[in-house]
1. Considering only helices (runs of 4 or more DSSP H) fully contained in segment 115-192, which possess at least 3 residues that are outside the structural domain of Val53 (by TED's automatic domain parsing), within 11 Å of the ligand (Cβ to nearest atom) and surrounded by 20 or more Cβ atoms within 10 Å (Cβ to Cβ)?
2. Could you pull out the residue among Tyr91, Tyr103 that is touching a strand residue (DSSP E or B) at 6+ places or on another chain (Cβ under 9 Å) and on the phi < 0 side of the Ramachandran plot?
3. So which residues in segment 46-58 are more than 16 Å from His18 (Cα to Cα), in contact (Cβ under 8 Å) with a residue 40 or more places away in the chain and out of contact with any Leu (no Cβ under 6 Å at 6 or more places or on another chain), if there are any at all?
4. Only one residue in Gln204, Gln229, Gln210 is of a type outside the set (A, V, I, L, M) and touching a residue at least 40 places away in the same chain (Cβ under 8 Å), so which one is that?
5. I'd like to know if segment 8-21 contains one or more residues that are under 17 Å from Gln148 (Cβ atoms) and in contact with a Leu (Cβ under 9 Å, 6 or more places away or on another chain).
Amino acid sequence: MTILRSPSEMRAWADEQHRAGRTIGFAPTMGALHEGHASLMRAAAEQNDVSVVSIFVNPTQFAPNEDLDKYPRTFEADCALAESIGMDVVYAPTARAMYPEGYATYVNVERVTQRLCGASRPTFFRGVGTVVTKLFNAVRPDRAYFGQKDAQQAAVIRRMTRDLDLGIEIVEMPIVREPDGLAMSSRNRYLDAEERSRALCLSQALAAAQGLLEAGERDAARIVEAVRQGMAEVDIDYVELVDAETIERVARVEGTVLLAVAAQVGPARLIDNIKFTA
Ligand code: AMP
């Protein structure tokens with residue numbers, strides 16, 4: 001396994017693979033890797049000739065008051081996990097290599113970024129769109145793997161990939177959960193025991209909503225209200241029922257919808273969701 005540190009090195013490696021006729025699978029991450037990331041890496045390794053995982057804590061997607069400096073960094077362990085899965089490259093560019101002096105170009109995806117995390121974190125998706133475009137341009141993947149854990153992000157990347165004719169297949173992988181249901185997240189390590197146990201109400205409220213949906217409930221307001229009540233112990237940022245592709249709010253459940261939640265639990269901002277097709 002090779003560790004590459006700059007866009008030019010990454011691009012040279014990718015061009016060589018394509019010249020040899022090999023397909024490239026790519027899993028972009030911010031590191032502090034867990035089983036959720038591992039599921040993306042395994043799919044990338046299995047479904048392509050060669051595979052790349054990127055580890056880059058992207059400064060442009062953090063607001064000044066957010067956890068950029070505190071974000072967990074476990075590079076050695078991340079590389080060991082990537083190697084055990086059979087990844088060919090860990091692409092870990094420096095912030096300087098990604099955003100050199102004078103950097104001035106950003107990718108802004110409209111509409112699909114307006115609600116949910118885009119409403120509470122106004123510059124977040126501009127950072128995500130920009131960094132993913134830059135990573136795609138260096139890694140040149142045939143397929144890129146994203147988690148449903150960040151379902152709005154996956155919808156934004158699908159929109160951007162279509163709109164900019166990137167010609168990359170975007171694969172969305174299911175949410176990997178702890179045995180008790182908590183969605184795995186690098187930020188879970190911020191939680192103490194009491195916060196960890198309160199955090200469970202996110203997945204439990206969503207599981208209860210899944211039950212309502214399966215029993216035939218189609219009224220969005222009633223489902224959202226039930227989830228809000230189930231999350232009384234945490235500081236809710238949003239509970240929203242939206243179309244899974246456009247991320248527009250829906251009044252009734254039709255087609256494929258996304259029921260998404262975000263909450264502050266102690267020091268951690270946590271998100272979770274379910275998708276349901278009526
Ligand atoms: P992050 O390192 O948090 O930026 O996440 C990198 C990628 O891993 C994103 O596509 C996430 O959606 C995905 N991911 C993070 N946690 C999970 C999880 N619990 N299950 C599945 N995918 C995940």
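The values are calculated or read from the model by the stated rules, or taken from the named source; none is laboratory data. Since the structure is predicted, the reported quantities are computational estimates derived from the model, not experimental observations. Note that we place each Cβ from the backbone using ideal geometry, even for glycine, and neighbour counts take in every protein chain shown.
1. Of the helices (runs of 4 or more DSSP H) lying wholly inside segment 115-192, none has at least 3 residues that are outside the structural domain of Val53 (by TED's automatic domain parsing), within 11 Å of the ligand (Cβ to nearest atom) and surrounded by 20 or more Cβ atoms within 10 Å (Cβ to Cβ).
2. Exactly one residue qualifies, and that residue is Tyr91.
3. Phe56, Asn58 - these are the residues of segment 46-58 that are more than 16 Å from His18 (Cα to Cα), in contact (Cβ under 8 Å) with a residue 40 or more places away in the chain and out of contact with any Leu (no Cβ under 6 Å at 6 or more places or on another chain).
4. One residue alone meets the criteria, Gln210.
5. no
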